[in-house]
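See below for the structure under consideration.
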Amino acid sequence: MGFCVSVRAWKWQGSAGAFRAVVVVLLLGLSLAQSVPPQTGPVCPAAAAPQSLTQPKYQHTAEEDPSVGFMAALVQSFLHTVQPNPFPKDLILQIARDSEAVLIQESLKEYLVYEVGFLVCAAIGVLYIVLMPIVGFFLACCRCCGNCGGKMYQKQTSSIHCRRRTLYWTAFVTTVIILAGNICMFKSNEVVKVSVDQSQVEINKTIDNIHSFLTAVPQQVHYVVNESYRTVQEVTRNLDAIGPQLGTEIKERFRGTLDPALSSVKLLDQETENTDLKLKKLNSSLAQLQSSVDRLQANLTAVKNQINNTLSSPNCIGCNNLKPELQKLTLDTSITIPSLNDFQSAVDEIKKTNLQSKIKEVDDYYDSIPERVTNDTKDLVQSSKQLLGDIQTQISQVTNDIPLSDLASVSETLNQLQREIVSITPEIERAEHIRWGVCVVLCCVVLLVVLCNFLGLVLGPLGLTPNVDPTKRSCTADCGGTFLMMGAGFSFLFSWLLMIAVLLLFLLGGNVFTLLCRPWNDGQLLKLIDTPGLIPGLDIGQSLGLKTNINISDIYRDCEKNKPLWTTLHLYELINLEDLLNVTKYTEEIQQQFENIDITLSTITILSPEVKNQLRSFSNKSINIDSNAVMQQMNNISSINLNTTADKLDGLAANLADSDTREELQNEARDLRQIQTDIETIIIPQLENLNSTIKSLESTAEKINGTVEEVLSNVGAAQDFLNTNTTQIVKTESKKFLDCQLDYFINYADWANDTITQQVGRCGPVAGAVDSVEIILCSYIVESLNAFWFSLGWCIIFFIPSIILSMKLAKYYRIMKYSDVFDDQLIMSSIPRAQMKFT
């Protein structure tokens, strides 16, 4: 009986592929032609699961700062009033596409209509610039001529104090409003400076983030490719260890049935050795007992003869009556055990079969299975490794086809841009310092007017005595009036210059906000850029070879959600990833290479039919051991009592007159008692020991019968299992081994699919860069700049009522040259003094 192991129809599956600009994946799979029931448990070492891609760490970019846009809502509301029209997308497209002069002129007319709000404001500003110095000049000339309040005379009326108080509080409120605008000017100017300084840092962070992103994408692509190399290397190592792995698993499947059979054979061998030892001990005990019995029998026979001679002596009167007693003086010297020799022969036959060698032979055979598998699959492993080597070489070549150089060129462009930013940074800082200084001067000019007004409003009331003649007012009150006039004069002198700055900044900042920042924020600018043909070479879909076009706004929205490039750039239109990662389509060609591969093992029989027959004979003979005969012999010997005969001899000797005969009988009685003592102290213990040995042997023999039955049953079951299931076991374990290799590639394919479609090139930094530029340009610089000109314009507008109020109020504090006497002295005197004072 035996078994023959063979493995056929090994299949190997592989998959290869590449995709442009993102990733390349090449897979190899394995399968079997024949289907066997699935088995649980790993056959080969589990491959380490590919780790998730490590996303690069990006720097924290700019975020909107509420302190920067403290006037954003107010300024934007004003600009929305000035420019309520929607973003002129069609007009911009028309201007960009029209090349004829007539069409360009028409487009410009439409643009001017669109900008009518700014034009109206600009006209108002120009009017202000022109009229303010003219009005100031004529007002100065008029006052020099004694008109327009130039005459130092103030008519005293009953309502003069009410008018003064009204003018005072109105001028005070106007000055406070101007001061508020001036404070906003200082703050917005400082915010512009801080924004420009931060902008350089934030731009560098943004460029660094984009650079990190562009650097990470090729690294992620190479990481995915390198993981395919690692998978190939893992399968290669498993193929090199196919003997230990597959052979060990085949052994383990056999061990489940062989171990009980071999264990029972080992137990039988141990029990056979134990039985042989007990048989030897029994034979030794029998020999010793027989020797002791023979010696005592000889002694007893000698004493018996002496007693017979003494009793036959003429001097022994009445001794013939004891001669029948002599017949009892005997020992049974025949101590035998039935079937012991047959049992010993059976044990000797079993020992000659050398069960231990049979066990070792089976163990050695199955321990050699891994080596046999290695030898029989040597060519298979070599051809498979060659195939894996070719695939790995192909993978390394495919990576050269990925156009990552474009990303490298973009990265180099960013580096060049960063270097240029560094080179012009000193110039920017110098220009910003000049701008900051100019704006500070403008703020100080407004502050000068405010200070003059406040000094006039403080000194005038402090030095004013209402009931004093206007020509006799104090110097303090006169200084207050002078400061008010200085404030009006400075307003006339600088307001038109300040309005020029407001007009220029308004046209620049307002249009940048309405035409760039506002449409950028609400997405209209991206829609304009998405217009086909507006920017040559911006057709991303066509440049990538996609079926559909990709809009910049679509890319931006996807990048805002930090989506990977696979979905952002619609790379699934270029690459059928499922087809590339399908490991079942490459099996036919590989299957033909493995159909003739066989693993052949020689035949082995656990126990031969002769050995089994000997075991059955051994079992049958072990049943015939019977200890009853020994027990009977022990009872026979135990029943011997020589002391009774000795007592009779002593009694007979006591009645004899002959002293010599009496002494002889007494000596013979003593000898009988000594023999009885020897029987009790020597023979009986030896018989008991012999009986114990026989009982132990009998117990062992009974176990041998069960052990032999177990051995025959287990060995028969194991032999039948090997004969009927060996081929299927080998095929099943081979299938499991190949499935394990296939799992490496399936796991890699699943991981690669998830990684490519979900992790490679998460473009959140791109959207972050766009948002950062928008925040830097619009939220930081443009809003701060708009806040400055809005605050300055706010102050300039209130210069007009400030001038009027200051000039009118100054006359109530300045020293008049001419007096005016109020006629109704009663009324003047009836006015409480307290009411004439400024409150």
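Once fully extended, how much extra length lies between Thr330 and Glu110, figured as 0.36 nm per residue of separation less the alpha-carbon to alpha-carbon distance?
Gain in length upon complete extension: 63.7 nm.
At what distance in nm do the modelled label points of Asp276 and Asn309 sit from each other, each positioned 7 Å from its Cα along Cα→Cβ?
5.2 nm
Once you place label points 7 Å from the Cα toward the Cβ at Leu131 and Val173, how far apart are they in nm?
Between Leu131 and Val173, the simple spin-label model gives 2.3 nm.
Based on the Cβ-Cβ distance of Glu578 and Gln219, what FRET efficiency does E = 1/(1 + (r/R0)^6) give at R0 = 25 Å, to the nearest 0.05? Before the final figure, lay out the partial values.
Numbers: r = 25 Å, r/R0 = 1.01.
About 0.50, to the nearest 0.05.
Once fully extended, how much extra length lies between Asn562 and Ser713, figured as 0.36 nm per residue of separation less the alpha-carbon to alpha-carbon distance?
Between Asn562 and Ser713, full extension yields an extra 47.4 nm.
Count the net charge of all other residues whose Cβ sits under 12 Å from the Cβ of Ala769, scoring Lys and Arg as +1 and Asp and Glu as -1.
Here the count lands on -4.
Where in region 262-286 does the amide nitrogen come within less than 17 Å of the point 7 Å from the Cα of Ser696, taken along Cα to Cβ?
Zone members listed by number: 270-286.
Taking only protein heavy atoms into account and a 1.4 Å probe, give the accessible area per residue of region 162-249 in Å².
Details: 3400 Å² over 88 residues.
Averaged over the residues of region 162-249, the accessible area is 39 Å².
If r is the Cβ-Cβ distance from Asn636 to Asn375 and R0 is 45 Å, what FRET efficiency results, to the nearest 0.05?
After rounding to 0.05, the efficiency reads 0.05.
What is the extension gain from Trp436 to Asn753, computed as 0.36 nm multiplied by their sequence separation minus the C-alpha to C-alpha distance, in nm to one decimal?
Contour length minus the Cα-Cα distance gives 108.6 nm.
Between Leu493 and Val201, what is the FRET efficiency for a Förster distance of 45 Å, r being their Cβ-Cβ separation, to the nearest 0.05?
0.65
Which of the peptides 127-139, 672-684 is most tightly packed, and how do the rest follow, going by the mean number of other Cβ atoms within 10 Å of each residue?
Taking the mean over residues of other Cβ atoms within 10 Å, the ranking is 672-684, 127-139.
Under the Karplus relation 6.51 cos²θ - 1.76 cosθ + 1.60, θ = phi - 60°, what is the ordered set of whole-Hz ³J(HN,Hα) values for region 716-726, x standing for Gly and Pro?
Karplus-based 3J(HN,Hα) across region 716-726 equals x, 5, 5, 5, 5, 4, 4, 5, 9, 10, 4 Hz.
Could you order the peptides 752-759, 447-454 from most to least packed, using the average number of other C-beta atoms within 10 Å per residue?
Going by the mean number of other Cβ atoms within 10 Å, highest first, we get 447-454, 752-759.
At 7 Å along the Cα-to-beta-carbon direction for both Phe70 and Thr724, put a label point, then send me their distance in nm to one decimal.
9.5 nm
The values are calculated or read from the model by the stated rules, or taken from the named source; none is laboratory data. Remember, predicted model here, so these are calculated numbers, not experimental data. With ideal geometry, Cβ positions are generated from the backbone for all residues, glycine too; neighbour counts draw on all protein chains shown. Ligands, DNA and RNA are stripped out before the accessible areas are found, and what is left, the full protein with its side chains, is counted by its heavy atoms. Shrake-Rupley method; radii C 1.70, N 1.55, O 1.52, S 1.80 Å.
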